[in-house]
Structure formats: structure tokens, C-alpha cells
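Novice: Quick one: the structure is below, and I'll ask about it shortly.
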Amino acid sequence: MVKTATALLSALLLCAWGALAQEFMSPTVNVIEELAKLKNMEERLRTMEETMQNQRVLVEQLQKENGALKTTVETMQATLESLQSLKAAFCGDYPTVENGDVTEVLGGLVLKVSCAALYKLDGPEEVRCVKGKWSDLPACRAPCRLDQSKFQQQQREYVQHGEISSFMCLSILRVHVKCEDGRAYYRGCECPSRPSCA
């Protein structure tokens with residue numbers, strides 16, 4: 001019976017020891033898991049700090065570049081203002097061309113002239129500021145609207161200044177049209193130089 005009691009006591013002690021070990025082991029496993037989580041969080045915090053530091057550096061660079069850009073824009077504005085005052089001092093306001101547009105080239109000391117649709121430029125395409133005066137201005141000459149009653153068939157609506165054209169007026173006869181600054185001059189139905197017309 002003593003042997004049985006000893007065996008029983010040993011078995012009880014073993015069970016108790018196992019239960020105690022399990023009780024102590026379980027928190028240890030949780031502590032290890034918690035330590036791993038904390039280490040992971042520490043890594044993420046370090047990464048976030050590095051990202052924030054990089055962003056601070058980027059913001060500082062952008063602020064420096066913005067300051068340099070602002071200075072460049074201010075310099076360009078000052079240069080433009082001085083060019084405009086020089087232009088006014090040299091030749092004054094830009095000239096106007098009837099039925100045309102004047103655009104600035106080379107800081108306003110040279111102007112380019114273009115005409116409205118169908119108008120023809122007569123004179124130089126560029127106007128220059130020379131010794132305080134604008135050079136000779138071109139003119140935009142008006143097109144001529146054709147009188148369709150003078151032709152055998154419907155023709156185009158306009159001819160340009162300086163253009164000379166001929167159109168059929170009868171079966172073999174032609175009318176000649178010359179355009180001069182908006183006025184069309186017609187020279188009657190004439191027989192073309194062919195023997196069959198004579």
C-alpha cells in the first residue's frame with residue numbers, strides 16, 4: 001500500500017507539475033508573441049519615421065525651388081516691363097493695319113502683319129522700329145466679289161486683289177476680270193484666239 005501511495009503521490013505530483021508547467025508555458029508563449037508584435041510595430045515606426053524624414057527633405061527642396069522659380073518669374077516680369085518701356089520710348093504704340101493683325105516679334109521692336117481671310121498683303125510683312133518711327137506699313141487689300149450674272153455658269157464667289165481671271169460668258173466666249181482693292185473690272189465677252197471663233 002505504501003508503494004501504491006508513493007506511486008499515486010508521484011502521479012499526482014506529475015500531474016500537478018504538468019499543470020503548473022502548462023500554466024507557466026502558456027503566458028510565455030503569449031509574451032513571445034507580444035514581443036514579436038512589438039518588434040514588428042517598432043520596425044513599422046522606424047520605416048514611418050524614415051518616410052517622414054524623406055518627405056521633410058522633399059518639402060524643403062520644393063520650397064527652395066519655388067523660391068528660385070518665383071525669383072525667375074519676377075525677373076522675367078521686370079525684363080518685360082523694361083522692354084515695353086523701351087518700346088514706348090523708341091516708337092510708341094503699335095500701328096494698326098485695316099483688315100489686318102499686328103503681332104509682336106523680338107520684344108516689340110519688330111512687328112509681323114497678317115491680313116484677314118481673302119485680303120491680300122500689299123507691302124512688307126514685317127514692320128520695324130527704326131530711329132523712333134515705325135517703317136512703312138503694308139495694306140490689306142480687299143477681295144472682289146464676282147457678279148455671277150456675267151458668267152455662263154456659277155463661278156467662285158471671290159477673286160483676290162491683283163488677280164486677273166477669265167471665265168466663260170457664252171459658249172466659246174470669255175469675260176476677263178481684274179480685281180483692284182475690292183473693285184472688280186470686267187472686260188466683255190471676247191473670242192479666245194482660236195480660228196473657229198472668227
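FYI, it's all coordinate maths here, none of it is from the lab. These figures come from a predicted structure and were not determined experimentally. Cβ placement follows ideal geometry from the backbone for every residue including glycine, while neighbour counts extend to all protein chains displayed.
Novice: With a cut-off of at most 11 other beta carbons within 10 Å, and DSSP calling the residue loop, which trypsin sites (Lys or Arg not before Pro) in the range 90-198 qualify? Please list them.
Specialist: 131, 156
Novice: In addition: On full extension of the chain, what length is gained from residue 49 through residue 35, given 0.36 nm per residue of separation minus the C-alpha to C-alpha distance?
Specialist: Net length gain for the segment: 3.0 nm.
Novice: Kindly provide the Kirkwood hydrodynamic radius of the range 105-179 in Å, to one decimal, from all pairs of distinct alpha carbon atoms.
Specialist: 14.9
Novice: Reachable lysines from residue 150, Cα under 21 Å, same-chain residues fewer than 8 places away excluded?
Specialist: Within reach: 178.
Novice: Further, regarding this structure: In µm²/s, what is D for the range 34-185 at 25 °C and 0.890 mPa s, where D = kT/(6 pi eta Rh) by Stokes-Einstein and Rh is the Kirkwood radius from Cα pairs?
Specialist: 111
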